[in-house]
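**Student:** The structure is given below, and queries will be raised subsequently.
The values are calculated or read from the model by the stated rules, or taken from the named source; none is laboratory data. Here the structure is a predicted model, which is why all the values come from computation and not from measurement. Quick reminder, even Gly has a Cβ in these numbers, built from the backbone with ideal geometry, and neighbours come from all protein chains shown.
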Amino acid sequence: MEDVADMLVYGPEFRAMDENMQWLTLDVIKALPRPTVSTAAPLASAAAARAPADFIDRISRLPGELLRNIVSRLPAKDAARTTALAKRWRRVWHSVPFVLVDAHLLSGTGVLGRDRSPYRGTGMEAMVSGLFRMVDGPFHLTDTVSHVLAAHPGPFGFVYLIGTNMETLQDRAARWLPLLAAKGLKELVFVNLAMKLEDKVRLPTDLFKCTSLTKLYIGSWWLPDTADLPRTAAFPYLRELGLCNLIMNHKDLIFLLDRCPVLEKLLITRSRLPVCIRIQSRSLRSVQVSVAAVPEITVVNAPRLERLLLWEAWGWGDRDLTNMSCKVKIGHTPKLRILGFLVPGMHQLEIGNRVIKSENDDLKFRGPQDKVNIKFWKEAGPIECVQKHIKKLVLRGFRGRKRELDFLKFVAEHAQVLQEVVIEMTYGYLPSDNLGVKLRIFMASAKWANECCKMMAVKCPFDQEATAWCYPRGFDFSIEDPFDVSKCQEDKCGAH
């Protein structure tokens with residue numbers, strides 16, 4: 001994602017945004033899936049770039065299937081360049097599923113015309129440079145994208161469009177969607193590079209013509225009025241959907257979800273207006289809601305739902321800004337295994353006909369705070385869940401406050417089957433700092449209920465404003481615990 005983020009941060013469009021929109025746009029980019037291709041790795045190493053001593057082109061002699069595999073892993077500009085390598089390569093690019101990341105067309109040395117063309121004198125320069133015209137010259141990025149999309153016959157595998165302000169170029173950009181639909185696009189990331197927070201550009205309804213989509217992420221749009229759409233509009237093969245920084249209402253969200261009959265993964269982040277979420281799906285397995293105004297989340301019937309992950313999902317108190325709690329209602333979810341984060345005073349949980357309510361629900365957003373001390377836990381009496389069931393405890397954002405230490409000590413001295421305690425330091429601190437030393441000294445005085453339990457302190461792997469998990473891990477069902485940051489610590493997560 002680094003090359004995509006760099007395109008935004010160093011581009012003139014990003015610098016022209018107001019401060020709020022810059023912040024929101026970067027947050028949207030963090031929520032997007034990683035492109036399937038990257039410019040981070042060079043096309044060839046320096047050693048491989050040297051001609052062999054016998055001047056025999058062995059790569060071109062590889063089987064056609066292997067050549068197509070190689071080209072399919074390249075950014076579009078490099079993939080198209082392979083058509084000039086030799087006669088054997090001329091049709092390879094056109095025979096593989098097309099992959100495009102518009103940010104790659106803006107790289108400082110990647111767009112032909114900025115540097116001396118390697119095809120000068122080969123007879124191929126005009127053709128290849130015609131595909132990738134100078135974006136910062138007389139041709140705009142939208143023209144370049146349009147030209148590249150038209151040049152490839154399809155099918156289209158993955159298209160990543162985030163570099164265009166659709167308010168001024170909506171007519172030209174809207175032509176992309178029928179083209180993508182006609183060429184059988186499988187995965188699409190479509191973000192409006194809005195300049196101001198008040199920009200409200202409608203998502204083109206032609207998006208619903210892309211019925212072959214299996215993955216879709218849209219960002220910084222105003223969801224179209226679904227009353228104007230045909231009732232047959234649907235995404236029959238869509239399995240993953242990301243709604244990022246959208247303006248949408250409850251009715252249109254219900255319409256969209258109802259038109260995704262095999263949807264398994266849903267992400268809603270940075271919703272611009274309050275919207276109630278109603279889940280009634282036989283296919284959904286993971287729902288993630290992050291930094292969004294959602295007065296109510298109702299799971300009516302979701303027999304395959306395994307995860308409902310919430311982070312700063314708050315309600316809407318109309319004029320009463322001190323009462324912005326979110327109601328979470330859980331109906332038929334026999335496979336639900338992970339639910340959280342739930343914050344006392346911020347979330348009201350209802351499972352079936354049972355309302356689970358804290359005595360401190362009048363305390364908003366951050367819960368009881370100073371009232372939770374060692375006296376509080378002792379007076380709470382025996383807690384069966386702590387004593388007999390908790391095997392792993394993860395404490396995020398540890399600051400070394402007395403109430404945090406008291407809580408850790410209480411659990412350590414009562415959790416009889418506890419096997420592992422992971423304490424993640426607050427952003428900017430290391431386990432070797434004084435904060436970590438304070439933790440180890442305090443916990444050394446605890447009389448652990450299970451003397452075999454292991455305690456580990458780790459640094460925070462996330463940005464300061466990040467969620468408590470990363471979205472790809474929330475959708476990866478091979479990972480039993482999406483909140484486990486150990487892979488992030490080992491830099492193997494691939495999402496940060």
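**Student:** Of these, 55, 14, which one is within 23 Å of residue 221 (Cα to Cα), modelled with pLDDT of 65 or more and either in contact with a Leu (Cβ under 6 Å, 6 or more places away or on another chain) or exposed (fewer than 14 other Cβ atoms within 10 Å of the Cβ) (or both)?
**Tutor:** That would be 14, the only listed residue that is within 23 Å of residue 221 (Cα to Cα), modelled with pLDDT of 65 or more and either in contact with a Leu (Cβ under 6 Å, 6 or more places away or on another chain) or exposed (fewer than 14 other Cβ atoms within 10 Å of the Cβ) (or both).
**Student:** When you scan segment 461-476, do you find a residue that is more than 16 Å from the chain's Cα centre (by Cα) and at pLDDT 80 or above, even just one?
**Tutor:** no
**Student:** On the given criteria, is residue 372 in contact with a helix residue (DSSP H, G or I) (Cβ under 8 Å, 6 or more places away or on another chain), at pLDDT below 75, of a type in the set (Val, Ile, Thr) and buried (at least 16 other Cβ atoms within 10 Å of the Cβ)?
**Tutor:** Values: in contact with a helix residue (DSSP H, G or I) (Cβ under 8 Å, 6 or more places away or on another chain): yes; at pLDDT below 75: yes; of a type in the set (Val, Ile, Thr): yes; buried (at least 16 other Cβ atoms within 10 Å of the Cβ): yes.
Yes; evaluated as a whole, the condition is true for this residue.
**Student:** Checking the conditions here, which among 273, 284, 213, 238 is assigned to a loop (DSSP other than H, G, I, E, B), of a type in the set (A, V, I, L, M) and surrounded by fewer than 16 Cβ atoms within 10 Å (Cβ to Cβ)?
**Tutor:** Only one candidate qualifies: 273.
**Student:** When the residues of segment 442-460 are narrowed to those that are among the aliphatic types (A, V, I, L, M) and in a strand (DSSP E or B), which ends up modelled with the highest pLDDT?
**Tutor:** If we take residues in segment 442-460 being among the aliphatic types (A, V, I, L, M) and in a strand (DSSP E or B), then 455 is modelled with the highest pLDDT.
**Student:** Also, I was wondering about something else. What's the number of the condition residue 132 fails, among (1) within 26 Å of the chain's Cα centre (by Cα); (2) crowded, with 18+ Cβ neighbours inside 10 Å; (3) modelled with pLDDT under 90; (4) not hydroxyl-bearing (Ser, Thr, Tyr)?
**Tutor:** The single condition residue 132 does not satisfy is (1).
**Student:** Taking residue 251, is it surrounded by fewer than 18 Cβ atoms within 10 Å (Cβ to Cβ) and basic (Lys, Arg)?
**Tutor:** Considered against the rule, which asks whether it is surrounded by fewer than 18 Cβ atoms within 10 Å (Cβ to Cβ) and basic (Lys, Arg), residue 251 comes out as yes.
**Student:** Quick one: would you say residue 420 is under 32 Å from the mean Cα position of the chain (by Cα) and touching a residue at least 40 places away in the same chain (Cβ under 8 Å)?
**Tutor:** no
**Student:** So which residues in segment 214-227 are of a type in the set (A, V, I, L, M) and closer than 17 Å to residue 174 by Cα?
**Tutor:** Answer for segment 214-227, where residues must be of a type in the set (A, V, I, L, M) and closer than 17 Å to residue 174 by Cα: 216, 218, 223.
**Student:** When you look at residue 253, is it aliphatic (A, V, I, L, M) and farther than 15 Å from residue 307 by Cα, yes or no?
**Tutor:** The answer is yes for residue 253.
**Student:** Right, next: Considering only residues of segment 145-187 that are of a type in the set (Val, Ile, Thr) and surrounded by 22 or more Cβ atoms within 10 Å (Cβ to Cβ), which is modelled with the highest pLDDT?
**Tutor:** It comes out as 159.
**Student:** Considering each residue of segment 69-118, count those that are modelled with pLDDT of 80 or more, within 29 Å of the chain's Cα centre (by Cα) and in a loop (DSSP other than H, G, I, E, B), and give that number.
**Tutor:** Of the residues in segment 69-118, 5 are modelled with pLDDT of 80 or more, within 29 Å of the chain's Cα centre (by Cα) and in a loop (DSSP other than H, G, I, E, B).
**Student:** Which ones in segment 168-195 are farther than 17 Å from residue 141 by Cβ, outside any loop (DSSP other than H, G, I, E, B) and touching a Gly at 6+ places or on another chain (Cβ under 9 Å)?
**Tutor:** 182, 187
**Student:** Give segment 290-314 a look and list any residue that's touching a residue at least 40 places away in the same chain (Cβ under 8 Å) and among the aliphatic types (A, V, I, L, M), or say none.
**Tutor:** If the condition is that a residue be touching a residue at least 40 places away in the same chain (Cβ under 8 Å) and among the aliphatic types (A, V, I, L, M), then 291, 309 are the ones that fit.
**Student:** Has segment 29-52 got at least one residue that is among the basic types (Lys, Arg) and modelled with pLDDT under 85?
**Tutor:** Yes; the residues of segment 29-52 include at least one that is among the basic types (Lys, Arg) and modelled with pLDDT under 85.
**Student:** Of the conditions (1) touching a residue at least 60 places away in the same chain (Cβ under 8 Å); (2) over 23 Å from residue 350 (Cα atoms), residue 260 clears all except one; give me its number.
**Tutor:** Against the list (1) touching a residue at least 60 places away in the same chain (Cβ under 8 Å); (2) over 23 Å from residue 350 (Cα atoms), residue 260 comes up short only on (1).
**Student:** Follow-up question, since we're still on this one. Looking at 405, 435, which one is in a helix (DSSP H, G or I), of a type outside the set (Ser, Thr, Tyr) and closer than 30 Å to residue 26 by Cβ?
**Tutor:** 435
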